[in-house]
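Take a look at the structure set out below.
The values are calculated or read from the model by the stated rules, or taken from the named source; none is laboratory data. Worth saying up front: this structure is predicted, and the values here are computed from it rather than measured. Methodologically, a virtual Cβ is constructed for each residue, glycine included, from the backbone with ideal geometry; neighbour enumeration extends over all protein chains shown.
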Ligand code: UDP
Ligand code: MG
């Protein structure tokens, strides 16, 4: 059984840190970002490797990476066969990483690399996961803040996991990486949630989100809604329970209406509740449809799981041993 504490490891004096960077159409800024990250890593007393996962970019991201790989010994690049999404790209990076600890960071310098030395210090002091947590950024539009806050509070309420201001910028010990890669078999992993879910000693560092350095954000509202649903559905079955509770409440309501109607009939008042009936019908109809929708989400998730498809496919790679640079 491997030793669980990094402090007791021989590697502690010369640890290897793997930095994994998902990149989708980051051609304009990737070289500069790698320069900054390299500079920071050079100032830390660690060996390092940097793995960039090109998540199906349609611009020249991979060409840039392939070129850089030729003279940068610590750099590796993996090109996925198409855009599989950031979660899958990060999984590909976690699988390829060989370090004693892995740092996941965005390609656009919105996650300040200056935090890396402090993360490594915390890790050397025994933290198994170091989360970089966003301080509220003033530059965010009110709409974005409201959106993030609704989502995070909903997830906390439904699933009991607190992701407020969390980001994908983290340091993860080898033990936890192995757990994420080998022990968890779910498709469409929700990285932020799972890293918290595994447990072990977790610490937080705070940072201010910088402006994106180049290119534009890769998230559409649609992909964000997708991520939100995956997050909720893979972490909690509370929505299904809410459906049941709604059902019971509706039953009670119906019972009340029945008693009232019987009573009116008994005392002889005419029942002229046409509009009420339509209202109740619509209400019940919408409850039923929402309930079916919620169940559908879970069934879709089960379907994805049983198909047991790979999370991503690799097209080509560069910078790994005996790897030619095409
Ligand atoms: N990204 C990716 N695949 C995607 C979308 C994004 O690999 O399908 C990468 C992107 O290149 C960046 C990181 O994920 O390195 C965060 O994306 P972005 O900066 O667009 O998101 P935001 O900072 O707006 O949350
Ligand atoms: Mg960004």
| note | Flagged in the range 18-31 as in contact (Cβ under 8 Å) with a residue 40 or more places away in the chain and away from ligand 2 (no atom under 14 Å from the Cβ), in numbering order, are 18, 19, 20, 27
| Of everything in the range 38-58 that's surrounded by 15 or more Cβ atoms within 10 Å (Cβ to Cβ) and in a loop (DSSP other than H, G, I, E, B), which residue is farthest from ligand 2 (Cβ to nearest atom)? | 46
| query | Can you pull out the residues in the range 79-108 that are within 14 Å of ligand 2 (Cβ to nearest atom), in a loop (DSSP other than H, G, I, E, B), farther than 18 Å from residue 129 by Cβ and modelled with pLDDT of 90 or more? | reply | 107
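Tell me, yes or no, whether the range 268-289 has at least one residue that is closer than 30 Å to residue 197 by Cβ and in contact (Cβ under 8 Å) with a residue 40 or more places away in the chain.
Here is the first cut: in the range 268-289, the residues closer than 30 Å to residue 197 by Cβ are none.
Looking for residues that are closer than 30 Å to residue 197 by Cβ and in contact (Cβ under 8 Å) with a residue 40 or more places away in the chain, one finds none in the range 268-289, hence no.
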| message | For the range 109-132, give me each residue that is out of contact with any helix residue (DSSP H, G or I) (no Cβ under 8 Å at 6 or more places or on another chain) and either within 30 Å of residue 316 (Cα to Cα) or within 16 Å of ligand 2 (Cβ to nearest atom) (or both). | response | 110, 111, 112, 115
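Being farther than 20 Å from residue 156 by Cα, in contact (Cβ under 8 Å) with a residue 60 or more places away in the chain and in contact with a strand residue (DSSP E or B) (Cβ under 6 Å, 6 or more places away or on another chain): is that true of residue 181 here?
no
Residue-wise test of (1) at pLDDT 85 or above; (2) in a loop (DSSP other than H, G, I, E, B).
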residue	(1), (2)
110	yes, yes
122	yes, no
145	no, no
179	yes, no
203	yes, no
| said: For the range 30-49: of the residues being farther than 18 Å from residue 93 by Cβ and touching a strand residue (DSSP E or B) at 6+ places or on another chain (Cβ under 9 Å), which is modelled with the lowest pLDDT? | reply: 44
| note | Conditions (1) touching a helix residue (DSSP H, G or I) at 6+ places or on another chain (Cβ under 9 Å); (2) modelled with pLDDT under 95; (3) under 22 Å from residue 191 (Cβ atoms) -> residue 16 fails only (1)
| query | Of the residues that make up the range 308-323, is at least one at pLDDT below 80 and not in a loop (DSSP other than H, G, I, E, B)? | reply | no
